1. Quick one: is residue 95 within 16 Å of residue 49 (Cα to Cα), free of Cβ contacts under 8 Å to residues at least 40 places away in the same chain and surrounded by fewer than 20 Cβ atoms within 10 Å (Cβ to Cβ)?
2. Identify, from the list 106, 88, 56, 135, the residue that is more than 25 Å from residue 45 (Cβ to Cβ) and either surrounded by 16 or more Cβ atoms within 10 Å (Cβ to Cβ) or touching a helix residue (DSSP H, G or I) at 6+ places or on another chain (Cβ under 7 Å) (or both).
3. I need a count of the residues in region 57-74 that are under 17 Å from residue 123 (Cα atoms) and in contact (Cβ under 8 Å) with a residue 12 or more places away in the chain.
4. Among the candidates 62, 112, which residue alone is out of contact with any Pro (no Cβ under 9 Å at 6 or more places or on another chain), surrounded by fewer than 18 Cβ atoms within 10 Å (Cβ to Cβ) and of a type in the set (D, E, K, R)?
5. Looking only at region 109-124, which residues are out of contact with any helix residue (DSSP H, G or I) (no Cβ under 7 Å at 6 or more places or on another chain), free of Cβ contacts under 8 Å to residues at least 60 places away in the same chain and of a type outside the set (S, T, N, Q)?
6. Of all residues in region 87-101 being among the basic types (Lys, Arg) and out of contact with any Pro (no Cβ under 8 Å at 6 or more places or on another chain), which is nearest to residue 73 (Cα to Cα)?
7. Quick check on this structure: which one of 53, 81, 45 is more than 14 Å from the chain's Cα centre (by Cα) and either assigned to a strand (DSSP E or B) or of a type in the set (A, V, I, L, M, F, W, C) (or both)?
Amino acid sequence: MVRCTFSLARAWRLAVGTASTRTLGGTKSPGWTSAQCIAIMQHMKATLLVRSKEVRDDGVIEEVVIWSLPEPLPPSQHSFKYRLFYGRPGEDRVRYDNERGKGDHRHVNGQELAYVFESLDKLLDDFDLDVQDWRAP
């Protein structure tokens, strides 16, 4: 596997621009920068679109990993595999992910909730809003 790393936690915003689009796995998606990688994921070729991880001085981790798949991961209807995490080791404060058999969902304060995936931009915005809500006093 080839690993892409970014020096800034929000570098994925640069990779998920809105200026241009192209088709990935049959899904029209935002334009991507050169931070693309090729990998194999459970017998399925996948393209790593974004991998960003920041570990802060207080131990909080913010991580974003998004793959483009050649076909949807059932029961999801889109061709992306993702994991967005905000918390500490062993402590999910906010996490969005999808998995085979379970589909799209999010975890907030220990509760698992259904999530309706609309687009990568909306996914990232929703994650940011949940992180901001969690941080709010």
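Derivation of every value follows stated rules applied to the coordinates shown; laboratory data play no part. Computed from a predicted structure; not experimentally measured. Every residue, glycine as well, gets a Cβ built from its backbone with ideal geometry; the counts of neighbours run over all protein chains shown.
1. Details: within 16 Å of residue 49 (Cα to Cα): no; free of Cβ contacts under 8 Å to residues at least 40 places away in the same chain: yes; surrounded by fewer than 20 Cβ atoms within 10 Å (Cβ to Cβ): yes.
Here the answer is no, as residue 95 does not meet what is asked.
2. Details: 88 fails: either surrounded by 16 or more Cβ atoms within 10 Å (Cβ to Cβ) or touching a helix residue (DSSP H, G or I) at 6+ places or on another chain (Cβ under 7 Å) (or both); 56 fails: either surrounded by 16 or more Cβ atoms within 10 Å (Cβ to Cβ) or touching a helix residue (DSSP H, G or I) at 6+ places or on another chain (Cβ under 7 Å) (or both); 135 fails: either surrounded by 16 or more Cβ atoms within 10 Å (Cβ to Cβ) or touching a helix residue (DSSP H, G or I) at 6+ places or on another chain (Cβ under 7 Å) (or both).
Going through 106, 88, 56, 135 in turn, just one is more than 25 Å from residue 45 (Cβ to Cβ) and either surrounded by 16 or more Cβ atoms within 10 Å (Cβ to Cβ) or touching a helix residue (DSSP H, G or I) at 6+ places or on another chain (Cβ under 7 Å) (or both): 106.
3. Of region 57-74, the ones under 17 Å from residue 123 (Cα atoms) are 62-69, 72-73.
Then keep just the ones that are in contact (Cβ under 8 Å) with a residue 12 or more places away in the chain; that gives 62-69, 73.
Total meeting the criteria: 9.
4. On the way: 62 fails: surrounded by fewer than 18 Cβ atoms within 10 Å (Cβ to Cβ).
One residue alone meets the criteria, 112.
5. 110, 112, 113, 114, 115, 116, 118, 122, 123
6. Checked region 87-101; the qualifying residue nearest to residue 73 (Cα to Cα) is 95.
7. On the way: 53 fails: more than 14 Å from the chain's Cα centre (by Cα); 81 fails: more than 14 Å from the chain's Cα centre (by Cα).
Exactly one residue qualifies, and that residue is 45.
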